[in-house]
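The values are calculated or read from the model by the stated rules, or taken from the named source; none is laboratory data. Just so we're clear, the structure is a prediction, and the values are computed from it rather than from any experiment. Methodologically, a virtual Cβ is constructed for each residue, glycine included, from the backbone with ideal geometry; neighbour enumeration extends over all protein chains shown. These area figures cover heavy atoms from the full protein model, side chains too; ligands, DNA and RNA do not enter into them. Shrake-Rupley method; radii C 1.70, N 1.55, O 1.52, S 1.80 Å.
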Amino acid sequence: MELELIEEGKTTLWVPIHDSTATFPPGSAPIFYNPRMALNRDATVIVAACTEPRTYLDAMGASGIRGCRVGYETGTTVTINDRDPDATTLIKKNIDHLGIDASATCRDANALMSEEPFDFVDLDPFGTPAPFIDAGIRSSVRMIGITATDTAPLCGAHLKAGIRRYMARPMNTDYHAEVGLRILLGYAARMTARYDRGIIPQFCFAHEHFVRLHLKLARGTQAADQTLAQMGYIYQCTGCPYRTEGSGFFPEPKVCPHCGKQLNTIGPLWTGAIQDPEFLSVMNERLPGSGISSPDELGKILTCCMQEPVISFSYDYHKLAKAYRVSPGPIAGVLESLQNMGYSASRVHYSGYCIKTNAPLETLRDCLTAQ
Ligand code: SAM
């Protein structure tokens, strides 16, 4: 295997030579390395810098880039694991190259996580993280990071696969990225509550082809009950742009108050906050001078996440304008009108075309048509 030395953030690392034509999809390379996930790893580095874990496990290391970056850029003691012996050899080479406080292990991630506790556990498998979340939660003392790249099942494009993996019904809506994020969060919440523990989302976002969660774990039945109290559903109309949220475990059949059609039920999913705003501002303060590879892009995501109200859905501005047969003016004008009326209204981090607001649909329509 031919290697090349690359630089990501402040870290230099040996990875298999990246030939996008010879190794497509990236998972077919002998040892996985995808430069397009740099922003995902940047987020991990900043979260680790802000939470200062005593120990960090990169449970699926591949080249070891994520764990090596956490070790080198934050000074954390890391363990980097992969069940592939060739990957483990490369991880060892990278640990030696960087001279960091790290160990490499060649284990099945679920076996390792069932045996050893780590302050911060990080799951970054191919596709779905569902088979690793239970052991990940049992192993994690304080924090868990979870990446999912199976956005088609999570977001409703592959409905049956989504139901099988996450025991929830997704739906391919104009806010499908948020549906995927909240279905994964809901799954993690239910897995965690079984152990009388709860989740407190710190920084969770959807970007391009992945969803990434950073969760603080809390102990006790109260934390578990508070977690489950944040589960619920989205009800999406099949005939018009109407959508609403509902809480609890048991979906109620509902009818659209606007057009009388049946509402589709999406979930169960997490309907609580997906960010801790204070944590986001601490992260934001760390960006300048952090040396990560995409500070501006991550900064934009953080700023947008700080502004988003705690609502589980958004509206695609152009689709809304089409439904109401108006030509859309600037989004900023609509947001300003809603805010002037006392409603929360913001853009969303996962799309340039969506609006999040607690205004009723008819108010949103009036603002749109008045532009
Ligand atoms: N974290 C890496 C990064 O940021 O570049 C990418 C990890 S790659 C998507 C997934 C890795 O998980 C592969 O190297 C694969 O060998 C490893 N893997 C898959 N199943 C595993 C398991 N059950 N236990 C441990 N490693 C596993």
Could you list, ordered by first residue, the pairs with Cβ atoms under 6 Å in which the first is in region 145-158 and assigned by TED's automatic domain parsing to the domain that holds Asn172 and the second is within 11 Å of the ligand (Cβ to nearest atom) and assigned to a helix (DSSP H, G or I), at least 6 apart or interchain?
Gly145/Thr44
Return the residues of region 203-235 that are open to solvent by less than 10 Å² (accessible area, probe 1.4 Å) and part of a loop (DSSP other than H, G, I, E, B); say none if nothing qualifies.
Cys204
Scan region 76-92 for residues that are out of contact with any strand residue (DSSP E or B) (no Cβ under 7 Å at 6 or more places or on another chain), within 11 Å of the ligand (Cβ to nearest atom) and of a type outside the set (A, V, I, L, M, F, W, C) and jot them down.
Asp82, Arg83, Asp84, Pro85, Asp86
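Residue check: is Leu368 in contact (Cβ under 8 Å) with a residue 60 or more places away in the chain, out of contact with any strand residue (DSSP E or B) (no Cβ under 6 Å at 6 or more places or on another chain) and either in a loop (DSSP other than H, G, I, E, B) or open to solvent by less than 50 Å² (accessible area, probe 1.4 Å) (or both)?
no
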What are the pairs with Cβ atoms under 6 angstrom where one residue, in region 333-349, is under 15 Å from Pro360 (Cβ atoms) and the other, located anywhere, is open to solvent by 70 Å² or more (accessible area, probe 1.4 Å)? Sequence gap at least six, or different chains.
Tyr343/Asn358; Ser344/Asn358; Ala345/Gln339
Does Ala177 satisfy the criteria of being assigned to a strand (DSSP E or B) and closer than 30 Å to Gly239 by Cβ?
no
Which one of these is over 25 Å from Phe203 (Cβ atoms), more than 9 Å from the ligand (Cβ to nearest atom) and open to solvent by 10 Å² or more (accessible area, probe 1.4 Å): Glu115, Glu52, Glu73?
Glu115
